[in-house]
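Trainee: Below are the structure tokens for one structure; questions will follow.
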Amino acid sequence: MPRFPGLTEGLIRSNAAAEAFARGQSYAQNGAVHGLVQRGMLLEARVHGSQYEPYRVEIEFDQGGIAYTHCTCPYSYGGWCKHVVAVLLTCLNPTLHIEERPLLEEQLASLARDELQAILLTLAEERAENLEAIERQIILRQPQKTAAQPQTQPTIKRTPIDPQPIRRQVHSILNPRYDNYGYAGNAINELGTILTHIEGFIIGGDSENALRLLEAFTAEYCASFYQIDDSDGELGGFVDDIGTAWAEALLTADLSRAERKEWLAKLREWRAAADDYGAGDGFAIAEQAASEGWDDPDIQMLLAGQIAEPIASAETYADEGEEEDQEYEDEDDQEEEDEDWSQRPVGSRSPSFISDLNSIRLTVLERQGRFDEYLNFARATDQTLAYARMLVRQGQILEATDVGLTELTSAPDALLLAVTLRENSAINAAIHVAEHGLDLGNDHSKLAAWLLDVAEGHGQLALALRAAEVAVMEGPSLALYQRTQNLAGDAWPALRERLLTSLRVAGNQYMRIDGAIEILLAEEQWDDAIGLVRTDYGGTRTLLVMNAVRHVRPDWVIATARQHADAIIASGKAQRYDTAITWLAQARDTYRRTGRTDEWQHYLSEIRQQHGRKYKLMGLMEGL
């Protein structure tokens, strides 16, 4: 196998933004990459950047090329950062010296049991996080129990946390001491941070504190959120996030039926309060979780791998918006409700509602290590992708691949399964599923770009070329286009025409326009690029095309620039005069480039004559 399978400059360009590639190229050329170490297929390096401490880069390769990249820099704008780019470009040097070290498993294999134990104890003493990580690994390696005796997460007992600080924080956010018009978005951000903190307790298995904190959070939220102007419905929509957190917490906790009934009563009170502002439906998923728990007979059958009665029957539940808390005519009716409270419908359950709740159940089952029940439940509730990915994690690669090839119906799902297969070293199966995904539905751009990298790295060049064509058509960029050209060889002329034909109509798909324009300009398809910006009312793309075609289509540049400038000036909106000057500058530069200075001066005179009383505009025009 090559040292770095599939590594080419084209691969690097197509996975990094243009600026990141340029900066990374400069770093590589200036010798900023140091300390290259390779352990098997894992490459480590240090890159000296703008900080005193160098950034640490990790790149993992497999049979399909680059499987994973990580850098300690804060870059989060999509694609590889400049430090990863710098390391990969450095690795293209065939004479590069890289220190090779043995894999960790090889080093550990030479140690005796007492030596390994001493290392683990030393690590545990150094950092509390290491101790918890070691304990988690010990738990994960314990034998699984059967579905009849589910393996649950060990009960975690921690000191009860005072919920009042949470309540005070929520109160402070929702009761600002100043005009709060337009404040809802900021409030949601702050509240989301608190809710994420609480969800950490759920993930960590500390359900008692999670429920305690959620109660304080929700009670204050429902008591105060109406204080904020919510004309855009942001605060009302946030109830959905609260309801989801509640559902996960309730299903994580080991609650008795009586305890769930108490929580259900509180959820209904909060829902009633939120209903006054049309936001109560967000609690429905939490109410359903409290109502059913894990001991609902249908749920138990699904966990055991038996097909229960449909739990989504539309006739069973109240229509959306129907009043759910009935008034009872006498005490006998109330007693009947108390006896059968868990079976009471809590609201309309659409397919998406049921799917969301089922996904929460799967999250909890996976977190608790109840893998057999996870598979049973996912299969019975048509969570096909989740089922297939868990099969992979359980080592059932052939079964997962079969599901992917016969049951998945969308390209994004095929991509997710392919990624999971690759992460579990099943590269051939991953490629097979991804190739199948090219024929599923639509939205293939991410799948095709992924398959291009992996197939090329794996040496399947024909498949890589097929994926490249799809990637350019659905998610075009100049780097992808040029990479496709390199792959195509003698087949390029015919493929080029197919790609350009597709890109000429990219205006029908908004997300494709920028890449299509970039490619058409590089190919000097001037009129086609112009055609894509005829409805570019914002102007950014139009300016890009103007700068590229000024020397070949000056009349179009002048006419378009004048059209935009005239419209702004005629509107009389002084705050947009700066933009009008930008358009006028485009016209001026093109007039001068073509030797038509007299026409430019005549045009300026007309503007001054017609709009001379627009003093701000006249002042800005002095610089033209």
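Trainee: Given the condition surrounded by fewer than 18 Cβ atoms within 10 Å (Cβ to Cβ), on the phi < 0 side of the Ramachandran plot, in contact (Cβ under 8 Å) with a residue 24 or more places away in the chain and of a type outside the set (A, V, I, L, M, F, W, C), answer yes or no: does some residue in the range 414-423 qualify?
Mentor: Yes, the range 414-423 contains at least one residue that is surrounded by fewer than 18 Cβ atoms within 10 Å (Cβ to Cβ), on the phi < 0 side of the Ramachandran plot, in contact (Cβ under 8 Å) with a residue 24 or more places away in the chain and of a type outside the set (A, V, I, L, M, F, W, C).
Trainee: I would also like to ask the following. Suppose we filter VAL403, VAL392, VAL419 for residues that are farther than 24 Å from ILE12 by Cα, in a helix (DSSP H, G or I), modelled with pLDDT of 95 or more and under 24 Å from the mean Cα position of the chain (by Cα); which single one remains? Spell out the reasoning first.
Mentor: Values: VAL403 fails: under 24 Å from the mean Cα position of the chain (by Cα); VAL419 fails: farther than 24 Å from ILE12 by Cα.
None of the others qualify; the one that does is VAL392.
Trainee: Could you please give the count of residues in the range 92-120 that are part of a helix (DSSP H, G or I) and open to solvent by 100 Å² or more (accessible area, probe 1.4 Å)? So that I can check it myself, show each step before the final result.
Mentor: Keep residues of the range 92-120 that are part of a helix (DSSP H, G or I), which gives 104-109, 113-120.
If we keep only those that are open to solvent by 100 Å² or more (accessible area, probe 1.4 Å) as well, we get 104-106, 113-114, 117.
So the answer is 6.
Trainee: Moving on to the next point. When the range 221-239 is examined, which residues are found to be aromatic (Phe, Trp, Tyr) and modelled with pLDDT of 85 or more?
Mentor: The first filter runs over the range 221-239 and keeps only residues aromatic (Phe, Trp, Tyr), leaving 221, 225-226, 238.
Scanning the range 221-239 gives TYR221, PHE238.
Trainee: A further question on this structure: What is the number of the single condition among (1) over 25 Å from ALA20 (Cβ atoms); (2) in contact with an Asp or Glu (Cβ under 6 Å, 6 or more places away or on another chain); (3) of a type in the set (A, V, I, L, M) that LEU520 does not meet?
Mentor: (1)
Trainee: For the range 566-578: of the residues being open to solvent by less than 60 Å² (accessible area, probe 1.4 Å) and in contact with a helix residue (DSSP H, G or I) (Cβ under 8 Å, 6 or more places away or on another chain), which is nearest to VAL549 (Cα to Cα)?
Mentor: ILE568
Trainee: Taking the range 526-535 as the region of interest, how many residues are surrounded by 19 or more Cβ atoms within 10 Å (Cβ to Cβ) and assigned to a helix (DSSP H, G or I)? Talk me through it step by step, then tell me what you get.
Mentor: Taking the range 526-535 first, the residues surrounded by 19 or more Cβ atoms within 10 Å (Cβ to Cβ) are 528-530, 532-533.
When the remaining residues are screened for being assigned to a helix (DSSP H, G or I), the result is 528-530, 532.
Looking only at that region, the number is 4.
Trainee: Go through the range 350-399 and give me each residue that's among the polar types (S, T, N, Q) and without any contact (Cβ under 8 Å) to a residue 60 or more places away in the chain.
Mentor: Applying the first criterion (among the polar types (S, T, N, Q)) to the range 350-399 yields 350, 352, 355, 358-359, 363, 368, 376, 381, 383-384, 394, 396.
Within the range 350-399, SER350, SER352, SER355, ASN358, SER359, GLN383, THR384, GLN394, GLN396 qualify.
Quick grid of which residues meet (1) assigned to a helix (DSSP H, G or I); (2) among the aliphatic types (A, V, I, L, M); (3) closer than 30 Å to GLU523 by Cα:
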residue	(1), (2), (3)
VAL545	yes, yes, yes
ALA548	yes, yes, yes
GLN563	yes, no, yes
ALA570	yes, yes, no
ARG576	yes, no, no
ILE581	yes, yes, no
TYR591	yes, no, yes
ILE607	yes, yes, no
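Trainee: Can you tell which of THR218, THR146 is at pLDDT 90 or above, closer than 30 Å to GLU373 by Cβ and polar (S, T, N, Q)? Walk me through how you get there before you give the answer.
Mentor: Details: THR146 fails: at pLDDT 90 or above.
Exactly one residue qualifies, and that residue is THR218.
Trainee: Of these, THR582, THR594, which one is open to solvent by 20 Å² or more (accessible area, probe 1.4 Å), of a type in the set (Val, Ile, Thr) and touching a Pro at 6+ places or on another chain (Cβ under 8 Å)? Step through it out loud before you land on a result.
Mentor: Numbers: THR582 fails: touching a Pro at 6+ places or on another chain (Cβ under 8 Å).
Unique residue meeting the criteria: THR594.
The values are calculated or read from the model by the stated rules, or taken from the named source; none is laboratory data. Because the structure is predicted, anything quoted here is derived from the model rather than measured. Every residue, glycine as well, gets a Cβ built from its backbone with ideal geometry; the counts of neighbours run over all protein chains shown. Just so you know, the surface numbers come from the protein's heavy atoms only, side chains and all, with ligands and any DNA or RNA stripped out. Shrake-Rupley method; radii C 1.70, N 1.55, O 1.52, S 1.80 Å.
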